[in-house]
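The values are calculated or read from the model by the stated rules, or taken from the named source; none is laboratory data. As the structure is a prediction and not an experimental result, all values here were calculated from the model. Please note: Cβ atoms are built from the backbone with ideal geometry, for glycine as well, and neighbour counts cover all protein chains shown. Protein only, heavy atoms only, side chains kept; ligands, DNA and RNA dropped before computing areas. Shrake-Rupley method; radii C 1.70, N 1.55, O 1.52, S 1.80 Å.
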Amino acid sequence: MLIRPFYKKGDSFQSYVYRSARANGWTDNRLKQFLRLEVAPLYSYKAEDRQNLKSWLRNISERDEILALTDVWLFYSDFKQYFDFSRIKICPLCYTNSGVAIPAYWYLRTYLACSKHKILLTDICTCCDEKLTADSIIADRCLNCETKVADFKTENVDVDFYSQKAYELLNDCESHETFAAVFEH
């Protein structure tokens, strides 16, 4: 990888990987193929594969903070009932304002409303209903209608209790260990 972006506050490991792919002009498929050959499958749930991916990305980026980023795929074995691994949900406002950081708590199955902006998270393009994928996140737009994520429509809501509590507990978790500690209690 020629371009190695800096860590952004709120980054999960997945977020950093997507931003790295974007910076280097890679699609999700190209990234998956490359990593499978060089390191480990990108979407593996195995702890050893996850650690190998983090170590490899840390080594080529020379950014030590990557090792501490929360990797939601590591929660698959023990806490999969809390996470939704089948889709990517985003708050278009947070996503755009943060420079494309995707916090780990957005992967929580029942985290449905952004506590900061008081809007529903979306897993589809709000213009054409196309499902968001890793490729659309990397491209920062809907791959069907070309609508930029920043232009997605938002719907104001009262934030539910669970989303508010998850935000309060997990928003400031800067490492995988502090994020995981919440689930171990």
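Worth a mention:
- Any hit, the range 75-87, residues being open to solvent by less than 40 Å² (accessible area, probe 1.4 Å), of a type in the set (Asp, Glu) and free of Cβ contacts under 8 Å to residues at least 40 places away in the same chain: yes
- A count restricted to the range 174-185 and to residues that are of a type outside the set (Phe, Trp, Tyr), open to solvent by less than 60 Å² (accessible area, probe 1.4 Å) and touching a residue at least 40 places away in the same chain (Cβ under 8 Å) stands at 3.
- Members of the range 13-30 found to be of a type outside the set (Ser, Thr, Tyr) and either under 17 Å from Ala101 (Cα atoms) or without any contact (Cβ under 8 Å) to a residue 40 or more places away in the chain (or both), listed by number: Phe13, Gln14, Val17, Arg19, Ala21, Arg22, Ala23, Asn24, Gly25, Asp28, Arg30
- Residues within the range 14-47 that are touching an Asp or Glu at 6+ places or on another chain (Cβ under 9 Å) and outside any helix (DSSP H, G or I), tallied: 5
Residue-wise test of (1) in a loop (DSSP other than H, G, I, E, B); (2) of a type in the set (Asp, Glu); (3) surrounded by 14 or more Cβ atoms within 10 Å (Cβ to Cβ).
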| site | (1), (2), (3) |
| --- | --- |
| Ser136 | no, no, yes |
| Cys145 | yes, no, no |
| Ala150 | no, no, no |
| Thr154 | yes, no, yes |
| Ala166 | no, no, yes |
| Asp172 | yes, yes, no |
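- All of Ala68, Ala113, Ala21, Ala101 fail the test of being at pLDDT below 90 and surrounded by 14 or more Cβ atoms within 10 Å (Cβ to Cβ), apart from Ala101.
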